[in-house]
Amino acid sequence: MKTLEQKIVEYKSRVPSVIENEPMAKHTSFRIGGPARMYVVAVSSDALIEAVRVAQDLEIPFYVFGGGSNLLVADEGFEGVVIQAANRGFVIEHDRVQVESGMITVLAARKTVDAGLTGFEWAVGVPGTIGGALYGNAGCYGGEMKDNVSFVDAYRLKDGVRIRLSNAECQYGYRDSLFKREPHVILGCELKLIHSSVIPAEDFGERHSAELSRSLSRTAGIHPTAPFDQILRARKESQPLDQSSAGCVFKNFDFTDESQLDILRRYVNQIPEAMLRVKRLSAGWLVEQAGMKGQRIGDVQVSDKHGNFFLNRGHARAQDVIALISLVKMNVRDKLGIELQEEVQYLSLS
Ligand code: EPU
């Protein structure tokens, strides 16, 4: 039986680009997280698979991530190998876009518009990489990855096979996918978009009104194919983008039956009409109703601007984030009768 140190020596000989004891705070938008014992930047899909295969082979714990924008890493770091997907291939052929998982989502959105395509504009408001967006079915202003993806290429960890999954096979739901339930390394996808020149004006109107009705957006008129400046302005107005955070900490709360809101109704005078219509309560709104905006533990604070953003006010520790998440969840549950679920991903000591 080899020790971890012996395995690390072997890993380094097989994957020469390893960096040791890399602070994860450098790689997360939260600016929180202790060292990864080993850190690999995989610049191609083959390198990504190889970095994972060697870790599997040597039975070293591993974690693949993209942009670090929705990730909370433990203060103690990670005793294994953290692999950054930096495979950034991007090719447009007519209305189809082949994009690798390490591509920055905002950049992909900009490139599609530069190429005269429409449908993916909303993604200019999404931090992180395409891989992370595919994993969590990221969304913004009524657009979601599942609306644009025709297939996803992945490496299935249970049998080490490269597979191509159709949109349906990805089992997409609100901030949910197959990838959250069965471990895969996401390698990339194909986006199916539309040439702006081929959409008749009336279809545009219809598409937008359908999409708008699904969006809770507080900024009326922002739809998934709105111009970049509108999307970016709307986000800046409602989200604390000038401070370190991990984006939304919780998923919004979907309900099927209004009886699930009985306790909430006793506490809150009016539930916004838009939320009742789409049967989804904004987690930020719930946090605000529970009186938790501005709450602070150590250097972590619930934003006064948007209750679903937790801010690193200087030297925040993961431990304090976890304590604040528990406190907020407890208050929302006890006062409003609603159980919030984290959207943020945890990476902790193995
Ligand atoms: N609201 C409040 N107080 C708050 C926050 C929101 O009253 O502190 C109200 C707003 O006034 C509005 C409603 O709640 O009436 C919805 O707010 P907003 O438009 O800010 O959207 P959201 O539902 O809170 C979702 C996504 C965001 C995405 C925006 C814009 C989730 C968990 N969040 O937020 O995604 O950027 O819509 O489309 O689905 C993320 O996933 O990390 C994320 C930031």
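Condition check for residue 170 on (1) under 24 Å from residue 230 (Cβ atoms); (2) surrounded by 14 or more Cβ atoms within 10 Å (Cβ to Cβ); (3) of a type outside the set (S, T, N, Q): one failure, at (1).
Quick grid of which residues meet (1) within 12 Å of the ligand (Cβ to nearest atom); (2) not polar (S, T, N, Q):
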| residue | (1), (2) |
| --- | --- |
| 232 | yes, yes |
| 238 | yes, no |
| 261 | no, yes |
| 272 | yes, yes |
| 297 | no, yes |
| 314 | no, yes |
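On the basis of being more than 14 Å from the ligand (Cβ to nearest atom), touching a residue at least 40 places away in the same chain (Cβ under 8 Å) and either buried (at least 22 other Cβ atoms within 10 Å of the Cβ) or in the same structural domain as residue 69 (by TED's automatic domain parsing) (or both), does residue 308 make the cut? No; evaluated as a whole, the condition is false for this residue. Of the set (1) buried (at least 18 other Cβ atoms within 10 Å of the Cβ); (2) under 23 Å from the mean Cα position of the chain (by Cα); (3) of a type in the set (Lys, Arg), all apply to residue 26 but (1). Scanning region 214-225 finds one or more residues that are surrounded by fewer than 13 Cβ atoms within 10 Å (Cβ to Cβ), modelled with pLDDT under 95 and more than 8 Å from the ligand (Cβ to nearest atom).
Working only within region 137-196, note down all residues that are small (Gly, Ala, Ser), within 16 Å of the ligand (Cβ to nearest atom) and in a loop (DSSP other than H, G, I, E, B). Those that are small (Gly, Ala, Ser), within 16 Å of the ligand (Cβ to nearest atom) and in a loop (DSSP other than H, G, I, E, B): 138, 142, 177.
Within the bounds of region 225-242, is there any residue that is over 20 Å from residue 121 (Cβ atoms) and assigned to a loop (DSSP other than H, G, I, E, B)?
Applying the first criterion (over 20 Å from residue 121 (Cβ atoms)) to region 225-242 yields 240, 242.
When the remaining residues are screened for being assigned to a loop (DSSP other than H, G, I, E, B), the result is 240, 242.
There is at least one residue in region 225-242 that is over 20 Å from residue 121 (Cβ atoms) and assigned to a loop (DSSP other than H, G, I, E, B).
The condition of being away from the ligand (no atom under 16 Å from the Cβ) and either modelled with pLDDT of 95 or more or closer than 25 Å to residue 26 by Cα (or both) holds for residue 100.
The values are calculated or read from the model by the stated rules, or taken from the named source; none is laboratory data. All values reported here derive from a predicted model rather than from experimental measurement. For neighbour counting, all protein chains shown are included, and Cβ atoms are generated from backbone atoms with ideal geometry for every residue, glycine included.
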